[in-house]
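The values are calculated or read from the model by the stated rules, or taken from the named source; none is laboratory data. Quantities reported herein were computed from a predicted structural model and do not represent experimental measurements. So basically every Cβ, Gly included, is an ideal-geometry build from the backbone, and we count neighbours across all protein chains shown.
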Amino acid sequence: MENIITLHDLSFEPYISENQIKDAVKELAKKINSEFGGEELHIVSALTGSFIFTADLVRELEMPCQIHFVKVSSYHGGTSSTGTIRLETDIQLDFSNKNVLITEDIVDTGLTASFLFELIKNKGAKNIKLATLLYKPEAYKQALNIDFVGFSIPNEFVVGYGLDYKEIGRNINAIYKLKQS
């Protein structure tokens with residue numbers, strides 16, 4: 001991992017390496033493969049942050065998969081959730097009697113995860129599970145179970161591996177946390 005990086009006006013320090021992420025994604029895939037066996041799985045990826053995690057995860061899955069993207073936002077350019085969810089792009093599909101895995105880059109307050117769970121539930125899914133690369137238990141405010149977690153982390157702002165600060169930093173292959181001054 002590189003040393004300190006600067007994105008816009010903030011500095012970030014190394015936190016989770018590329019190799020640690022690869023290992024965690026493989027481990028999550030093993031658990032998901034075990035959970036769903038060979039049954040078809042519909043993956044709903046929350047754009048934009050989760051696209052890299054989702055791409056790496058599905059390459060490790062062994063069952064037939066259909067991938068769907070939904071665009072939601074709660075940060076709106078800042079370093080913490082605003083508390084409001086905007087659905088920018090919905091999925092026009094009936095999920096009746098289907099297995100669905102929601103993939104998120106990060107779950108902090110849980111508002112987006114709960115919002116997506118309800119959206120998919122209302123589309124008739126028979127089985128809904130949630131996978132996230134990063135989970136912030138200190139910030140979590142929902143009752144929804146998070147089924148597959150790559151890393152539990154403190155309530156700090158992070159970038160890289162799909163996560164951004166003001167749309168910059170998604171292409172960094174590791175996770176960096178906001179450097180404390």
task: Determine if the stretch 114-125 includes at least one residue that is part of a helix (DSSP H, G or I) and in contact (Cβ under 8 Å) with a residue 60 or more places away in the chain.
output: yes
statement: Exactly one of 106, 128, 67 is touching a helix residue (DSSP H, G or I) at 6+ places or on another chain (Cβ under 6 Å), assigned to a strand (DSSP E or B) and modelled with pLDDT of 80 or more, and that one is 128
- line: Counting only strands (runs of 3 or more DSSP E) wholly inside the stretch 1-56, the ones holding at least 3 residues that are over 17 Å from residue 135 (Cα atoms) and touching a residue at least 12 places away in the same chain (Cβ under 8 Å) are 10-16, 41-47
- prompt: Which one of the conditions (1) modelled with pLDDT under 90; (2) more than 20 Å from residue 41 (Cβ to Cβ); (3) more than 16 Å from the chain's Cα centre (by Cα) does residue 94 fail to meet, given that it meets all the rest?
  reply: (2)
- prompt: Could you say whether any residue in the stretch 110-128 is surrounded by 15 or more Cβ atoms within 10 Å (Cβ to Cβ), under 19 Å from residue 21 (Cβ atoms) and not aromatic (Phe, Trp, Tyr)?
  reply: no
- request: Run down 54, 82, 89, 6 and say which single residue is at pLDDT 95 or above and of a type in the set (Val, Ile, Thr).
  value: 54
- prompt: Can you pull out the residues in the stretch 131-181 that are over 26 Å from residue 4 (Cβ atoms), surrounded by 14 or more Cβ atoms within 10 Å (Cβ to Cβ), out of contact with any Phe, Trp or Tyr (no Cβ under 8 Å at 6 or more places or on another chain) and at pLDDT below 95?
  reply: 140, 142
field: Test for residue 83: is it in a loop (DSSP other than H, G, I, E, B), buried (at least 18 other Cβ atoms within 10 Å of the Cβ) and either within 17 Å of the chain's Cα centre (by Cα) or without any contact (Cβ under 8 Å) to a residue 40 or more places away in the chain (or both)
entry: no
task: Please give the number of the condition residue 92 fails out of (1) in contact (Cβ under 8 Å) with a residue 40 or more places away in the chain; (2) part of a loop (DSSP other than H, G, I, E, B).
output: (1)
